[in-house]
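Taking it in order: structure first as structure tokens, then the write-up.
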Amino acid sequence: MTALTGIVPDEEFEKLIDRGGPIGKEGGSRIAFAVQGRSDLVIKESYRPFHHGNFTEWTVWCALQTMAQDIMGTVPNGELRLQFAPCFAISHSARFVMMERLLPLDSRDPLEEFVKKLPSWLNDKKPSAIGKTAQGDMKVLDYGAVNFYEVLNPKNKTNGFDVPVIAV
């Protein structure tokens, strides 16, 4: 089975989700399930009326992909996307999102160092929101909570030293 890609009908996710039991703990608005025939993927299902977490993760992932490109002379930032588990597909309703499946962290993982490098706009930086690949690379696996005020307010931008940029 190949991974779903792009924006896909909800029914396609329903065919692939392994309802045999959730992966990890149920969150406040979503639950993660295995994908039939794919141990490297996870499907997150939102059970709230508005599927904000899935929509936000998909939007952030698409932005991270775009940021990695040199668009009309901008400085690409491909490193940032390496800190996040990739999203492969989202359902039409945003009830489902398919992502890379990560392993849980253990006490030997340098969590504190990793968290320091994460963007300030990421709200959820607790250990359960972070996992690792089979090769040991740490990534954010739950990035459905974003501080949009910080991201969208141009007057709130900093110059990297937590000092507001003042227009002259």
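Nothing in this text is a laboratory measurement; each read-out follows from the coordinates by a stated rule. Since the structure is predicted, the reported quantities are computational estimates derived from the model, not experimental observations. For neighbour counting, all protein chains shown are included, and Cβ atoms are generated from backbone atoms with ideal geometry for every residue, glycine included.
Counted by neighbouring Cβ atoms within 10 Å, the residues 93, 39 run from fewest to most as 39, 93.
Counting only alpha carbon atoms, the long axis of helix 52-67 and the longest principal axis of the chain meet at about 60°. For the chain, a crude dipole built from +1 on the beta carbon of Lys and Arg and -1 on the beta carbon of Asp and Glu, taken about the Cα centre, is about 240 debye to the nearest 20.
Rounded to the nearest whole angstrom, the semi-axes of the ellipsoid equivalent to the chain, taken from the Cα gyration tensor as √(5λ), stand at 29, 19, 16, largest first. Taking the centroid of alpha carbons for each part, the range 5-32 and the range 72-100 are 17 Å apart. For the chain, the relative contact order is 20 percent, taking Cα pairs closer than 8 Å that sit 6 or more residues apart in sequence and dividing their mean separation by the residue count.
What distance in nm lies between label points placed 7 Å from Cα along the C-beta direction at residue 19 and residue 62? Modelled inter-label distance: 2.9 nm. Once you order the gyration tensor axes a ≥ b ≥ c over the Cα atoms, which shape class does the range 105-152 get: rounded for a/c under 1.5, otherwise prolate or oblate by comparing a/b with b/c? Prolate.
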